[in-house]
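Have a look at this one.
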Amino acid sequence: MLTGPRHLLRLFAILRCFARHDALLLLGQTPPSYMGDFAGVQRTLRLFHALFGRRRPGLREGERLAAALSELGPSFIKLGQVLSVRPDLVGAGIAEDLGRLRDRLPPFPWDEAKASVEAELGRPLEELFAGFEPEPVAAASVAQVHFAETADGVPVAVKVLRPGVEAAFARDLKLFAWLADAAERRIAGMARLRPRDVVATLNDWVNIELDLRLEAAASSELRDNFRDDPDVVVPQVDWQRTGRRVMTSARIAGIPIEDRDALVAAGIDPSAVAARVIRVFLKQALRDGYFHADMHHGNLFVAPDGRIELVDFGIMGRLDIRTRRFMAEMLGAFLTGNWRRAAEVHFEAGYVPADRDVDSFAQACRSIGEPILDRPVTEISIGRLLAQLFQITETFGMRTQPHLLLLQKTMVTVEGVARSLDPQINFWDVARPVIEDWARENMGPQARVREAAGNLADFARRLPQIASGLEALAAAVHADGLRISDDSLAAFTRAQKRARRPLLWVLWAIAALLAAGLLLD
């Protein structure tokens, strides 16, 4: 078992790598005041830097950190990608540089890829595919992708895990968990930043990436959400040729979205593509609450008809309906200058402790929002607005919300892709129809009626269980010798028999609510 001394040896090698890339002192920068004394950690890092450090002039802090993480291997590359959505931990500038961290390694040999496919799918390659290109079209630390063709002539892309990658991740994830646990226990104020949650998020991402059936399921769910959609294409999974270490899906043949000249040459309007990227993201995040959280240029292609083609579903985000309503109300309050309401929705969502002052928080919201209100809409970045907001909320005791940070990071990425295609794109002109349709469907009177009806129906389904629980409780108490009258036990029995009667009342209530909803329309 990897513990104690072996963790320390591995940590020594990691710190040396950071020092070689002139990134070590970044780890010991002055922390926020709420984290208390950090002097011991800083002294240790300065010592390592003095012994092993090298100067890397001309590179930003985030670029030096990204270089060190890349050298340390797949686990650290994934850690960097997780940290890119935590500006509260590493700072906005470093988070932005880590967001550009790309995972590219030389391919592993063809004979290993072939053996892996045959072992996973249990058949010779020749029976599974009519053709299989030995040279991969993409290679990363976790997997590589080959083009192939099925026996019935369907062109596909086959993703194959790199041999030994599971053991490498398992070793490093144990180390990360050990470090996060030590940080939360020994560094004052660190618990509020939830480093264990960082490791948990990384573990979730890795679990999906190391079991390609889960990535295939994520792709399939997204495809179902966008069935017959005019804006997006999600490749269909070939489940007969998919397993834990192999994933096969329909091959896409679009133009890389970063190749603007090729789009123009193909007669595709880059401005229309930019607008489509924004719509596709908002439909995922708002309408479905399930979104592709790695929408950088490398994962986006453009089909001949202009639709967006998505690949690589290893990092996905989820937002429940409550969070989506919070985001819609909060952004609406910011863009209309209603600072009091912007503050109130944070308290209503439970993100800011109830003992904090609403008026002071409203003033903090004003400090973020007012500087952007007079700027042209084309210059307003919603992703950056959210980043500033999350930094301000730290001072009001708001615990870090990883799902919101993932959303914010993805929004920044999407805005960057859209503006690379059309620097003058008006985010709000594109977003308004999607947001208004969603708000009408989910925040209006009918939506509240439907939600109330759903809550009543759920209560109705649970009534028999509640009655049975009461009877069991009464019987248990009676068996333990406490005095419960026979009349009381009989009353519990009658309650169970009557439990189905309120079902009729609830059904009538649901019908009345639905009728009221129609009247409110």
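The values are calculated or read from the model by the stated rules, or taken from the named source; none is laboratory data. None of the values given here were measured: they were computed from a predicted structure. Ideal geometry is used to build each Cβ from the backbone, glycine not excepted, and the neighbour counts take in all protein chains shown. Just so you know, the surface numbers come from the protein's heavy atoms only, side chains and all, with ligands and any DNA or RNA stripped out. Shrake-Rupley method; radii C 1.70, N 1.55, O 1.52, S 1.80 Å.
If you check ILE308 against the conditions, is it closer than 29 Å to ASP97 by Cα, more than 23 Å from the chain's Cα centre (by Cα) and of a type in the set (A, V, I, L, M)? Even if it seems obvious, please write down each step before you answer.
On the way: closer than 29 Å to ASP97 by Cα: yes; more than 23 Å from the chain's Cα centre (by Cα): no; of a type in the set (A, V, I, L, M): yes.
Considered against the rule, which asks whether it is closer than 29 Å to ASP97 by Cα, more than 23 Å from the chain's Cα centre (by Cα) and of a type in the set (A, V, I, L, M), ILE308 comes out as no.
Here is a further query. Would you please name the residue that is farthest from GLY99 (Cα to Cα), looking only at residues in the range 288-305 that are in contact with a Lys or Arg (Cβ under 9 Å, 6 or more places away or on another chain) and either of a type outside the set (A, V, I, L, M) or in contact (Cβ under 8 Å) with a residue 60 or more places away in the chain (or both)?
Selected residue: GLY289.
Mind checking whether some residue in the range 28-46 is among the hydrophobic types (A, V, I, L, M, F, W, C), closer than 17 Å to VAL90 by Cβ, open to solvent by 60 Å² or more (accessible area, probe 1.4 Å) and modelled with pLDDT under 85?
Among the residues of the range 28-46, not one is among the hydrophobic types (A, V, I, L, M, F, W, C), closer than 17 Å to VAL90 by Cβ, open to solvent by 60 Å² or more (accessible area, probe 1.4 Å) and modelled with pLDDT under 85, which makes the answer no.
Next question. ARG194 is checked against (1) of a type in the set (Lys, Arg); (2) closer than 21 Å to PHE76 by Cα; (3) open to solvent by 50 Å² or more (accessible area, probe 1.4 Å) and fails just one. What number does that condition carry?
With (1) of a type in the set (Lys, Arg); (2) closer than 21 Å to PHE76 by Cα; (3) open to solvent by 50 Å² or more (accessible area, probe 1.4 Å) applied to ARG194, the lone miss is (3).
Answer with yes or no whether VAL237 is surrounded by 19 or more Cβ atoms within 10 Å (Cβ to Cβ), of a type in the set (A, V, I, L, M) and under 29 Å from THR150 (Cα atoms).
Judged against the criteria, VAL237 is a match.
Here is a follow-up. Checking ALA293 against (1) in contact with a helix residue (DSSP H, G or I) (Cβ under 6 Å, 6 or more places away or on another chain); (2) open to solvent by 10 Å² or more (accessible area, probe 1.4 Å); (3) modelled with pLDDT under 95; (4) not charged (D, E, K, R): exactly one of these is not met. Which one?
(2) is the only condition that ALA293 fails.
Here is a yes/no grid of residues against (1) farther than 23 Å from LEU65 by Cβ; (2) touching a residue at least 60 places away in the same chain (Cβ under 8 Å):
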site	(1), (2)
GLU96	no, yes
VAL117	yes, yes
GLY131	yes, no
ALA143	yes, yes
GLY153	yes, no
ALA168	no, yes
ALA180	no, no
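When you look at ALA285, is it part of a loop (DSSP other than H, G, I, E, B), of a type in the set (Gly, Ala, Ser) and either in contact with a Pro (Cβ under 9 Å, 6 or more places away or on another chain) or crowded, with 20+ Cβ neighbours inside 10 Å (or both), yes or no? Explain how you work it out, then say what you get.
On the way: part of a loop (DSSP other than H, G, I, E, B): no; of a type in the set (Gly, Ala, Ser): yes; either in contact with a Pro (Cβ under 9 Å, 6 or more places away or on another chain) or crowded, with 20+ Cβ neighbours inside 10 Å (or both): yes.
For ALA285, the condition - part of a loop (DSSP other than H, G, I, E, B), of a type in the set (Gly, Ala, Ser) and either in contact with a Pro (Cβ under 9 Å, 6 or more places away or on another chain) or crowded, with 20+ Cβ neighbours inside 10 Å (or both) - is not met.
Among the listed residues ARG341, ARG260, ARG324, ARG251, which satisfies the condition of being modelled with pLDDT of 95 or more and either crowded, with 16+ Cβ neighbours inside 10 Å or among the small types (Gly, Ala, Ser) (or both)?
Answer to the selection: ARG251.
Identify the single condition in (1) touching a strand residue (DSSP E or B) at 6+ places or on another chain (Cβ under 7 Å); (2) without any contact (Cβ under 8 Å) to a residue 24 or more places away in the chain; (3) not acidic (Asp, Glu) that PRO124 does not satisfy, given that it satisfies every other one.
Here PRO124 meets the rest and fails (1).
Where in the range 129-239 are there strands (runs of 3 or more DSSP E), lying fully within it, with 1 or more residues that are among the acidic types (Asp, Glu)?
Numbers: elements: 129-132, 143-150, 155-161.
Counting at least 1 such residues, we get 143-150.
Going by what's in this entry, would GLU118 be described as touching a helix residue (DSSP H, G or I) at 6+ places or on another chain (Cβ under 8 Å), among the acidic types (Asp, Glu) and over 20 Å from SER249 (Cα atoms)? So that I can check it myself, show each step before the final result.
Details: touching a helix residue (DSSP H, G or I) at 6+ places or on another chain (Cβ under 8 Å): yes; among the acidic types (Asp, Glu): yes; over 20 Å from SER249 (Cα atoms): no.
Against the criterion (touching a helix residue (DSSP H, G or I) at 6+ places or on another chain (Cβ under 8 Å), among the acidic types (Asp, Glu) and over 20 Å from SER249 (Cα atoms)), GLU118 does not qualify.
Read through the list (1) modelled with pLDDT of 85 or more; (2) within 25 Å of ALA200 (Cα to Cα), then give the number of the only condition that GLN388 fails.
(1)
Now for a different question. When residues of the range 397-435 are filtered for being part of a loop (DSSP other than H, G, I, E, B) and charged (D, E, K, R), how many remain?
2
Let me ask something else about it. Listed residues LEU105, LEU72, LEU98; which is farther than 25 Å from GLN236 by Cα and crowded, with 22+ Cβ neighbours inside 10 Å?
Of the residues listed, the single one that is farther than 25 Å from GLN236 by Cα and crowded, with 22+ Cβ neighbours inside 10 Å is LEU98.
Is it true that ALA168 is surrounded by fewer than 16 Cβ atoms within 10 Å (Cβ to Cβ) and modelled with pLDDT under 90?
yes
Give all pairs with beta carbons closer than 9 Å in which a residue from the range 333-347 that is free of Cβ contacts under 8 Å to residues at least 40 places away in the same chain and farther than 11 Å from ARG366 by Cα meets a residue that is surrounded by 17 or more Cβ atoms within 10 Å (Cβ to Cβ) and among the hydroxyl-bearing types (Ser, Thr, Tyr); count only pairs at least 6 apart in sequence or on separate chains.
VAL345/TYR351
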